[in-house]
Structure formats: C-alpha cells, structure tokens
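K.L.:
I have a structure here, written as structure tokens, and I will follow up with some questions on it.
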Amino acid sequence: MNWTSISNTSLIGRLLRLPLRLIPRQTVVPILQGPLRGKKWIVGSGNHGYWLGSYELGKRAQFIRAVPPGGVVYDLGANVGYYTLLSAVLAGPLGRVFAFEPLPRNLEFLRRHLLLNRIDNATVIEAAVADRSGTVRFEEDASTSKGRIGAQGGLEVRSIALDDWIEEGKLPRPSLLKIDIEGAEFQALQGARKALIKSHPPIFLSTHSGKAHKDCLSFLESLGYRIIPIDGKPLERSRDVLATFPGG
C-alpha cells in the first residue's frame, strides 16, 4: 500500500492508523518510503507519518530539491529530527547540518535518531534561536511539537542569535534554512540578518500567527527575497512558504 498517498487527516487515513497505537512506543522501525527509506525511527517519538513516509509530502518534496550536496543546512526547531536526518542524508558526507532544539524530551529522540542511523555530519545545538544570545523563557505544551519562547514559560533555555555564532566562528554560513519554531520565527530572522544579506540562503519558513507571518514576509522582502506559498494557499493566508533570493 502506498501510505504516502493517504492523508493523515482523512477518514481512511485515521482508520488505517488505528492499529498503530498498539505498537510499543520505544519500538525502532524502518522508515517505509521516501528518501529516508530503511533508516531507523522510534515509533513513539511523534507523528506516525514520519516512518510511514507520509509526513508533509508537498513541503518535503520541495525541501528535497533545495538541499545542496555538500551544503550547510540549519534546522531551526529540529524537534525529534526528521528534517535533520533528511538534510544529513541529502547534503551527503561533505555537507553539514546544525539542528537547533531547546526541549529536553525532543533532544533525547533527536540524538537517538542520529545515533541509530550513524549520522556523523549533523550537530545538535541545545538552544532556541532568537534575536539575541543569552537565555529565554520557554513555554512547554502538551504537544512537544508546539513548545515556544514565551515570557510565562516555566523552562529557562539558552538562546542564540545566528549572526553572533557565525561572527564568532561557531557556525559556517548557511546554504539553506528550515525554520519552524512556533511563533519566534521573526526574532530568529532578525538575529540572522547579516547572514541573510551576505549568503542569501533559501528559507523554508513556517509561521504560527497572522502578525508573525506579516512581519516575516515584510522583513524578507526588504532584504530582496521573493516568497511563494508551498501549502496551496494564497500567500497572505499561507503558513508554509519558501523564500528565495533572485539569482541565488
């Protein structure tokens, strides 16, 4: 059966996935389809679509085409490591991947997935990406994919402004950015302004509020980026976009 053609949210998709709840959460399974086919995955780390091969099909297809062999990929909001693993495989042994994730539960799965698959070209950075380096409060959520920077957060985590780390020599300049950080995307872009001006990396950006969406688009357009939606919605209502620099 081609799982990638069946939406997680459709009735048949939900029915087909009911038996998956019986699989012990710590079970390690092979990813069934897609460019990561055969790679190892922990069932209980998150969405079953990760290992069934059906996760974010449209976005994933465009992302695959964008990762340059030998390139440097920043994965902001790495969560449990799907895009980190994908980037590491696509960039190849000469490429580098930097996975930014502040939530301890996610970090455990992220590191285990890299270890299980013997990935040695990815570096995990335990931090939230923002507009300044230091510390920030982090709000946890019942869903571990929806934690966010917030003043009322009960968790204090390290924060990184990407420009700071690049200028200090801690990071090479990026070839590609993936940003999915639940509302702090505008701050992350502001903290990477110099890198975006100098390197013009393509950016896969997920926004999580109307204001953040407008702020991010305005900021990127002011730097000369062109932005297209990748979720099938008009740009003003889209929440997943690809920003590219003409001629880049």
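K.L.:
For Gly210, state whether it is modelled with pLDDT under 95 and over 17 Å from the mean Cα position of the chain (by Cα).
P.N.:
Answer is yes for this residue.
K.L.:
Can you say whether Val136 is more than 19 Å from Arg173 (Cβ to Cβ) and assigned to a strand (DSSP E or B), as far as the supplied structure shows?
P.N.:
yes
K.L.:
When only residues in the stretch 1-25 that are part of a loop (DSSP other than H, G, I, E, B) and surrounded by 10 or more Cβ atoms within 10 Å (Cβ to Cβ) count, which is modelled with the highest pLDDT?
P.N.:
My answer is Ile23.
K.L.:
When only residues in the stretch 167-190 that are among the acidic types (Asp, Glu) and buried (at least 16 other Cβ atoms within 10 Å of the Cβ) count, which is nearest to Arg65 (Cα to Cα)?
P.N.:
Within the stretch 167-190, the match that is nearest to Arg65 (Cα to Cα) is Asp180.
K.L.:
Quick one: in the stretch 108-125, of everything that is in contact with a strand residue (DSSP E or B) (Cβ under 7 Å, 6 or more places away or on another chain) and more than 14 Å from Val89 (Cα to Cα), which residue is surrounded by the most Cβ atoms within 10 Å (Cβ to Cβ)?
P.N.:
Looking at residues that are in contact with a strand residue (DSSP E or B) (Cβ under 7 Å, 6 or more places away or on another chain) and more than 14 Å from Val89 (Cα to Cα), I get Leu110.
K.L.:
Among the residues of the stretch 95-105, is any closer than 28 Å to His48 by Cβ, in contact with a Phe, Trp or Tyr (Cβ under 6 Å, 6 or more places away or on another chain), assigned to a loop (DSSP other than H, G, I, E, B) and at pLDDT 95 or above?
P.N.:
Looking for residues that are closer than 28 Å to His48 by Cβ, in contact with a Phe, Trp or Tyr (Cβ under 6 Å, 6 or more places away or on another chain), assigned to a loop (DSSP other than H, G, I, E, B) and at pLDDT 95 or above, one finds none in the stretch 95-105, hence no.
K.L.:
Sort out for me the strands (runs of 3 or more DSSP E) sitting completely within the stretch 191-248 that have 2 or more residues that are surrounded by 12 or more Cβ atoms within 10 Å (Cβ to Cβ) and touching a residue at least 24 places away in the same chain (Cβ under 8 Å).
P.N.:
203-206, 240-244
K.L.:
If you don't mind, another one. Given the structure, is Val80 in a loop (DSSP other than H, G, I, E, B), buried (at least 23 other Cβ atoms within 10 Å of the Cβ) and modelled with pLDDT of 95 or more?
P.N.:
yes
The values are calculated or read from the model by the stated rules, or taken from the named source; none is laboratory data. What you see is a predicted model, and the numbers here were worked out from it, not measured in a lab. With ideal geometry, Cβ positions are generated from the backbone for all residues, glycine too; neighbour counts draw on all protein chains shown.
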